[in-house]
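Everything below concerns the one structure shown next.
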Amino acid sequence: MNNHLITKGNNLIEARYQYPLTAREQKIILTMVSQIQPDDEDFSDYSISVHDFHEMLGLEGREKYTELKKILKTLTSKVIEIPTEDGYVITSWLASAEYKNGEGIMLLTFSPKLKPYLLQLKKAFTSYRLNNILSLKSAYSIRLYELLKKWQYLNKWECSIENLKEKFGIEQDKYKLYGHFKARVVEPAVKELNEKTDIQISYKEIRKGRKVVKIEFSIRQQLANNTEKIENIPPSISKPEPGELEKNPVVKMQHVLNIQAEGFTISQSVCHDLLDKSSAIWGDKAEESMQMLVQQVSRTKGIVNKVGYLRAIINKSHEQYLNGVDIPIPYSDTVSSSLPKWFTNTGIDERQDQLSLDDDPDFLEEKEKLEAVLKMRKES
């Protein structure tokens, strides 16, 4: 469960928390989100075992079931304000919470109003791994983490103090002095994110006169010298030697991509090739562009050889770049429009897809394996 991917529409990321969620409540919601599949067309009842629930929330002793019920009752009453193109939506997080006696399972259901922000997302979404937030103790840390993940592709995010308070669910008359807000909210959250997550954060204050009115956060991917995150890499991905991530940028990029990849693994040689071509196309935005493409490939249905598709996208983009075509940076809200037509219409023109993969070694290897299996079955 810890390594599941959380994907939320950016409008939901940017929502105002009128009644702030505690760290425990946010972990419940995000665990539910991590169970949603890319091809789900509707919400279902999302199950969490009571054992996992207690472990995740740190509940102990005989009172844990009473405490659990109290947490869920409070959570079902909390609402969120989501900005839209022509206004806003105010909705609760949960439609229902059910406990199965004797089964040790909680069944939780999202409010139907959240469907546009959690289901069938094709653009303007943000993804990250559940394990990055489960160890966080502060509600502000969890909220800041997902806000920063949205803007990670730009390596920075600027936000007014007033707006940041709204996103945290902090009343404007609380922490009136910036020094208090900095000491009790910003500094502890930044410290916890740097110690426990996959991003490295720093920030600078923007003043109007003597008053701090905005904060500009700088965001970088963090993997080197972090044993916990290396240990959380899926078993299918080989773990680097100590210190190798900071010494070898290709190895570091390989692990960054593989942690985000769903259903496929990128080898070091393939990563080296992708990084070289992406650097030529997008310059200093190559790493962010590759991450967005990997997320899009992960979420696209009907692809048998996802590594082959990823390579075909980069190869085709590189070829167009060499011919003088300006290739747009595949940010999350424009990634679909920047992909080749044969990729965004998978399954419509399989012949064209095949032509794009004819020279791809990963695709050919998979094809040979499949042909060998079919031959053996035919002979038997």
#### Entry: Scope the range 180-191; condition over 16 Å from E216 (Cα atoms) and either open to solvent by less than 60 Å² (accessible area, probe 1.4 Å) or among the aliphatic types (A, V, I, L, M) (or both); matching residues
A183, P188
### Summary
Those helices (runs of 4 or more DSSP H) completely within the range 280-380 that have 1 or more residues that are of a type in the set (D, E), modelled with pLDDT under 80 and out of contact with any helix residue (DSSP H, G or I) (no Cβ under 7 Å at 6 or more places or on another chain) are 350-357, 361-379
### Message
Quick check on Y88: is it over 21 Å from A15 (Cα atoms) and surrounded by fewer than 18 Cβ atoms within 10 Å (Cβ to Cβ)?
### Response
no
### Query
Does Q35 satisfy the condition of being open to solvent by 30 Å² or more (accessible area, probe 1.4 Å), under 27 Å from I161 (Cα atoms) and part of a loop (DSSP other than H, G, I, E, B)?
no
### Message
Looking at F125, F110, F168 in this structure, which one is closer than 22 Å to R299 by Cβ, modelled with pLDDT of 90 or more and not small (G, A, S)?
### Response
F110
#### Entry: Subset of the range 259-288 that is in contact (Cβ under 8 Å) with a residue 60 or more places away in the chain and within 21 Å of T126 (Cα to Cα) - its residue that is surrounded by the fewest Cβ atoms within 10 Å (Cβ to Cβ)
E262
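Could you tell me whether I29 is over 23 Å from S138 (Cβ atoms) and open to solvent by less than 40 Å² (accessible area, probe 1.4 Å)? Reasoning before the result, please.
Working: over 23 Å from S138 (Cβ atoms): no; open to solvent by less than 40 Å² (accessible area, probe 1.4 Å): yes.
When the stated conditions are applied, I29 does not pass them.
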#### Entry: Any pair with Cβ under 7 angstrom, 6 or more apart, that starts in the range 42-56 at a residue that is in contact (Cβ under 8 Å) with a residue 40 or more places away in the chain and surrounded by 15 or more Cβ atoms within 10 Å (Cβ to Cβ) and ends at one that is of a type outside the set (A, V, I, L, M, F, W, C) and part of a loop (DSSP other than H, G, I, E, B)
Y46/Q35; V50/G104
### Only one of E195, E246, E205 that is modelled with pLDDT under 75 and either in a strand (DSSP E or B) or of a type in the set (D, E) (or both)
E246
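Does the range 58-74 include one or more residues that are assigned to a loop (DSSP other than H, G, I, E, B) and either touching a residue at least 40 places away in the same chain (Cβ under 8 Å) or within 30 Å of I303 (Cα to Cα) (or both)? Lay out the reasoning, then the answer.
Of the range 58-74, the ones assigned to a loop (DSSP other than H, G, I, E, B) are 58-63.
When the remaining residues are screened for being either touching a residue at least 40 places away in the same chain (Cβ under 8 Å) or within 30 Å of I303 (Cα to Cα) (or both), the result is none.
Looking for residues that are assigned to a loop (DSSP other than H, G, I, E, B) and either touching a residue at least 40 places away in the same chain (Cβ under 8 Å) or within 30 Å of I303 (Cα to Cα) (or both), one finds none in the range 58-74, hence no.
The values are calculated or read from the model by the stated rules, or taken from the named source; none is laboratory data. Treat the numbers as computed from the prediction; the structure is a model and nothing was measured. Neighbour counts run over all protein chains shown; Cβ positions are idealised from the backbone, glycine included. Just the protein is used for accessible areas: all its heavy atoms, side chains included, with ligands, DNA and RNA removed. Shrake-Rupley method; radii C 1.70, N 1.55, O 1.52, S 1.80 Å.
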